[in-house]
Amino acid sequence: MAKLRVAVAGASGYIGAELLRLLLRHPHVAITGVTSDRLDGQPLAAAYPHLRGVSDLRFHELDPEWLAGAADVVFLALPHLQSQEAVPVLRRHGRKVIDLSADYRLRDATDYITWYQAPHIDPVGLGEAVYGLPELHRKAIAAASLVASPGCYPAGAILATAPLVKGGLARTEGIVIDGKSGVTGAGAQGRKVDPMYLYTEANENVQAYGLASHRHTPEIEQELSALAGVPVRVSFTPHLVPLNRGLFTTASVPLATTVSTADLVALYRQFYADEPFVRVLGEGERPTTRAVVGSNYCDLTVVADTRTARAVCVSAIDNLGKGGAANGVHNLNVISGWDERTGLEAPPVYP
């Protein structure tokens, strides 16, 4: 079987690096292009010494026409607004696109003005894009030409709460979500220089940011509202923690009825019974970021707090894995009709 030609635009960021690591060992693809305006003309090893001797690819400037000629499927790991400029060109040439930026995640174009302070310039693409969380949208992803992979915080939050919301056990007001991300996920995918990410600032420190204003909030609300069938509002607060990678979510969800922890765990196991990358832990077991690093897994559990009539939902993912590149490869497998585990079979890295 001829290998599928795949390109990665924005390959010099952390998400790009993880995409390359996964795609280079994927049995059905050949990486035929990588872009970085900053590293145009340089070999991959200039940015990634760990890829010395693995690939002879060189970075190319971001040119959608060049990408369309170089690949059949293009991953976009670009800053906000840049994907909107590239996608129309790629789709005009019949290329499939898996976008890992925020540019096509929100269904309502006015949300981009509210949360990103800029109008959306590709309304056709926005209307046809499919939200790329296979656990919720597998059938639509399989038929899509443009997939919008979730942000890392929404991936952890949505998977942690979806069974409650879909099952009608959650009240739709008063949901509180706390997310904690490693430094590679908290807005630093492009290796941007910001005092917040300096070693002396991030190490031995925990910081909240984007209070009551984080751009992933409407993404979480959009997906939970679709599950509930009515508008859902959440209070979401992200935190930067001194980890290289990993994302931990705790969601406190008011319950619409009295239910036990055992019943909630049973609900979650039924909801995710056929999902190869969601591991529902039993009573007394707790997710940890260390158990999922380097993988596409989401470990989660749920506990009933009968005293407050709430459920405590906890999930752990790798922000570069299920929250980024690995989920993108998962989407590639779905749209290509391959076994969803292909290229993602390796267990998490430990310790």
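The values are calculated or read from the model by the stated rules, or taken from the named source; none is laboratory data. What you are looking at is a predicted structure, and each value in this text was computed from that prediction instead of being measured. Cβ placement follows ideal geometry from the backbone for every residue including glycine, while neighbour counts extend to all protein chains displayed. What goes into the accessible areas is simple: the full protein's heavy atoms, side chains included, and nothing from ligands, DNA or RNA. Shrake-Rupley method; radii C 1.70, N 1.55, O 1.52, S 1.80 Å.
Just add up the charged neighbours of Pro134: K/R +1, D/E -1, any other residue whose Cβ is under 9 Å from the Cβ of Pro134.
-2
For segment 200-310, what are Rg and Dmax over the alpha carbons, in angstrom?
Cα only, segment 200-310: 15.9, 47 Å (Rg, Dmax).
Cα-based Rg of segment 28-98 per 2.2 N^0.38 Å, rounded to two decimals?
Working: Rg = 12.5 Å, N = 71, 2.2 N^0.38 = 11.1 Å.
My calculation over the Cα atoms of segment 28-98 gives 1.12.
Using the Kirkwood radius over C-alpha pairs as Rh, can you work out the diffusion coefficient of segment 151-240 via Stokes-Einstein at 25 °C, viscosity 0.890 mPa s, in µm² per second?
On the way: Rh = 14.0 Å.
Rounded, D is 175 µm²/s.
Arranged from highest to lowest average of other beta-carbon atoms within 10 Å per residue, in what order do the peptides 224-236, 241-253 appear?
Result, highest mean first: 241-253, 224-236.
Using the alpha-carbon atoms, what tilt in degrees (0 to 90, nearest 10) does helix 152-166 show relative to the longest principal axis of the chain?
It is inclined by approximately 40 degrees.
Within segment 293-351, report the trypsin sites (Lys or Arg not before Pro) that DSSP leaves as loop and that have at most 13 other Cβ atoms within 10 Å.
Values: sites: Arg307, Arg310, Lys322, Arg341; in loops: Arg307, Lys322, Arg341.
Here the sparse-neighbourhood loop sites are Arg307, Arg341.
Once you keep just the Cα pairs under 8 angstrom separated by 6 or more residues, what percentage relative contact order results for segment 46-121? Before the final figure, lay out the partial values.
Details: 67 pairs, mean separation 19.6, N = 76.
26 percent.
In whole percent, how big is the carbon plus sulfur part of the accessible area of the chain, probe 1.4 Å, protein atoms only?
Working: 7620 of 14550 Å².
Carbon and sulfur atoms account for 52 percent of the accessible area of the chain.
Report the number of Lys pairs in the chain whose alpha-carbons are under 29 Å apart, with separation of 8 or more residues or on distinct chains.
Taking the Cα cut-off of 29 Å, the pair count is 13.
Let me have the relative contact order for the chain, percent, based on Cα pairs under 8 Å that are six or more residues apart.
Working: 795 pairs, mean separation 60.1, N = 351.
Computed value for the chain: 17 percent relative contact order.
Quick one: angle between helix 325-336 and the longest Cα principal axis of the chain, in degrees between 0 and 90, rounded to 10, please.
80 degrees
Along the charge dipole of segment 141-233, Cβ charges K/R +1 and D/E -1, which of Gly174, Gly229, His216 sits furthest on the positive end?
Most positive-ward Cα: Gly229.
Treating the angle as unsigned and between 0 and 90°, give the value, to the nearest 10°, between the Cα long axis of helix 261-271 and the longest Cα principal axis of the chain.
The two axes meet at around 30 degrees.
Where does each of 52-58, 102-108 land if you order them by average Cβ count within 10 Å, highest first?
Peptide ranking by packing, descending: 102-108, 52-58.
Can you give the convex hull volume per residue for the Cα atoms of segment 71-211, as a whole number of Å³?
144 Å³
Summing +1 for each Lys or Arg and -1 for each Asp or Glu, what net charge is found among the other residues whose Cβ lies under 12 Å from the Cβ of Glu61?
-2
Place the peptides 63-72, 311-320 in order of packing, highest mean first, counting for every residue the other Cβ atoms within 10 Å and averaging per peptide.
Peptide ranking by packing, descending: 311-320, 63-72.
Using only the Cα atoms of the chain, what are the Rg and Dmax in Å?
Rg and Dmax of the chain, Cα atoms, are 19.5, 61 Å.
Give me the percent relative contact order of segment 1-63, please, defined on Cα pairs under 8 angstrom at least 6 residues apart.
Computed over segment 1-63, the figure is 33 percent.
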